[in-house]
Amino acid sequence: MKLCRLRIVVWGIVGCLTVPLSGLAATQQVPKASGQDLQRQVRGTAHKVIPAVVSIASTVMVRDQAFSDEALPFGLFKEPPTRRQYGQGSGVIVSPDGYIVTNNHVVADAVDVEVVLADRRQYKGRVVATDPKTDVAVVKIQATKLPTAAWGDSSQLAVGDFVLAIGNPLGLSRTVTFGIVSAVGRADVGVADFEDFIQTDAPINPGNSGGALVNIQGELVGINTAIASPTGGSVGVGFAIPSNMARAAMQSLIKTGRVVRGFLGASTQDVSPPLGKIFRLPDVKGAIVTDVQAKGSAERAGLKRSDVVVRFDGQDVMDSGHLRNLVAQAAIGSKHRLDLIRDEKLYQAELVIQEAPRERTKKTQAASTASTVHPLSGVVFDDVTPPLARQMDLPVNNGVVVTDIEEGSLAEASGLQPGDVVLELNRQYVHSFAIFQRLADPLKPTDLALLLVNRQGNIMYIPIQGE
């Protein structure tokens, strides 16, 4: 599985890196440690964590790119064929009852997930929820008394700290690589919306995604996510999601099925050297406020355009991405002190964190909950447009059209097809997508969804019974 959006080419098998003790003294203090002591500790850490790292094989359905519009016209009732695409990644067991944290890009849009433990036991995995904005996902298997990795505090990591990356690169299970923390707080990598990556030189390759980055004590400090390389090979520039960010996202995904984030309510940009001179700032750091949203947290805190936020609860704000992460991770309703520079003078403001507005898309149908599946999961609906209404001899604003169906879903098994126009749901007229959404949302996983559909002029009922 390719690692996000970075260019990646596999060049070989990664083994353990032997580092001379003399080269370590400058990067991390190891009081009275001999080479044998370090080796013993690394060996013990690997032995401790390996059982908690799993291999994840996912299957997604993709449209066959070999079929162009000319070879296979894309019409209302006929779509290009799909084929199965297989990917592989890693995951970390974080609870004895089977919760596994991994990357979103490892299991995104997967129709089938297989989890293989270090002892070669195999389980069917269920994607509990995903968060593309942090590239975190949670998978659940039906098992108990599983080995787990203990969470560590990623905020305590420093450049030069020893770390081990454990995963399944190139399908080679139970692979351990060794290195140091090369940098912390890396952003603008282009992998996710919220980035605060740990950079490491512990070799990471395709298949390591979602695996464990642990400190020398065996505590989980990161989730391996991506590599950067000018040649496409592993050159010791890997990135991991900090454990504090991954853990908060995981807990929110399990509890609510989504990640609840704080929201500044203002647009910001980085301080560049030219802007630093223009605003007469003491340092080239901070976040410049460029716009303030009405009734948002920033406006209520008294922030104005051209304010430069330099500290958040006493912590230096390095750039706009850093400020965004700090606000996003803050509890809703919590109060925080902002230090800001306005017209060359230092001010303080109290920021009360509001929840980020939910992103809703018109073509989103009732989603799966954390533990169950909606009867209409996997189906994408849209309003009947005037051109479609003319083509099918339907009144405008009457019904919703099925534009896509996930293979293996309950709806597909019940006979629903792309191009079907849903006129009723459970004997109630559907005039628009909004009405359909209102009728569909309350359905429980075991409820019956009785659809009256128009299929090329043929009116029929299609019952979809939840499980």
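The values are calculated or read from the model by the stated rules, or taken from the named source; none is laboratory data. Fair warning: this is a prediction, and the values are worked out from it, not measured in the lab. Glycine gets a Cβ as well: all are built from the backbone with ideal geometry, and neighbour counts include every protein chain shown. Remember, those area values only see protein heavy atoms, side chains included, never the ligands or the DNA or RNA. Shrake-Rupley method; radii C 1.70, N 1.55, O 1.52, S 1.80 Å.
If a residue has to be surrounded by 14 or more Cβ atoms within 10 Å (Cβ to Cβ) and either part of a loop (DSSP other than H, G, I, E, B) or of a type outside the set (A, V, I, L, M) (or both) to count, how many in the stretch 270-293 make the cut?
9
Looking at the stretch 138-170 only, could you name the residues that are under 22 Å from the mean Cα position of the chain (by Cα), open to solvent by 50 Å² or more (accessible area, probe 1.4 Å) and of a type in the set (Ser, Thr, Tyr)?
THR148, SER155
Does any residue in the stretch 126-140 that is in contact (Cβ under 8 Å) with a residue 24 or more places away in the chain and farther than 17 Å from ASN224 by Cβ come within less than 6 Å, Cβ to Cβ, of a residue that is assigned to a strand (DSSP E or B) and open to solvent by 50 Å² or more (accessible area, probe 1.4 Å) six or more places away or on a different chain, and which pairs are these?
Cβ pairs passing all conditions: LYS140/TYR99; LYS140/ARG126.
Which ones in the stretch 413-467 are small (Gly, Ala, Ser) and surrounded by 18 or more Cβ atoms within 10 Å (Cβ to Cβ)?
GLY419, ALA440, ALA449 - these are the residues of the stretch 413-467 that are small (Gly, Ala, Ser) and surrounded by 18 or more Cβ atoms within 10 Å (Cβ to Cβ).
Looking at VAL184, is it surrounded by fewer than 24 Cβ atoms within 10 Å (Cβ to Cβ), in contact with a strand residue (DSSP E or B) (Cβ under 6 Å, 6 or more places away or on another chain), without any contact (Cβ under 8 Å) to a residue 60 or more places away in the chain and not small (Gly, Ala, Ser)?
Criteria met by VAL184.
Go through the stretch 52-67 and give me each residue that's out of contact with any strand residue (DSSP E or B) (no Cβ under 6 Å at 6 or more places or on another chain) and either surrounded by fewer than 11 Cβ atoms within 10 Å (Cβ to Cβ) or modelled with pLDDT of 90 or more (or both).
GLN65, ALA66
In the stretch 294-312, which residues are assigned to a loop (DSSP other than H, G, I, E, B), open to solvent by 70 Å² or more (accessible area, probe 1.4 Å) and closer than 21 Å to ASP343 by Cα?
LYS304, ARG305 - these are the residues of the stretch 294-312 that are assigned to a loop (DSSP other than H, G, I, E, B), open to solvent by 70 Å² or more (accessible area, probe 1.4 Å) and closer than 21 Å to ASP343 by Cα.
Could you grab me the full set of residues in the stretch 208-228 that are within 20 Å of ARG40 (Cα to Cα), in contact with a Phe, Trp or Tyr (Cβ under 9 Å, 6 or more places away or on another chain) and in a loop (DSSP other than H, G, I, E, B)?
Result: ILE216, GLU219.
In the stretch 117-131, what residues are more than 18 Å from THR59 (Cα to Cα) and open to solvent by 80 Å² or more (accessible area, probe 1.4 Å)?
Hits for the stretch 117-131 are ASP119, ARG120, ARG121.
Please work out if SER173 is polar (S, T, N, Q), open to solvent by 20 Å² or more (accessible area, probe 1.4 Å), more than 16 Å from THR134 (Cβ to Cβ) and in contact with a Gly (Cβ under 9 Å, 6 or more places away or on another chain).
Yes, satisfied.
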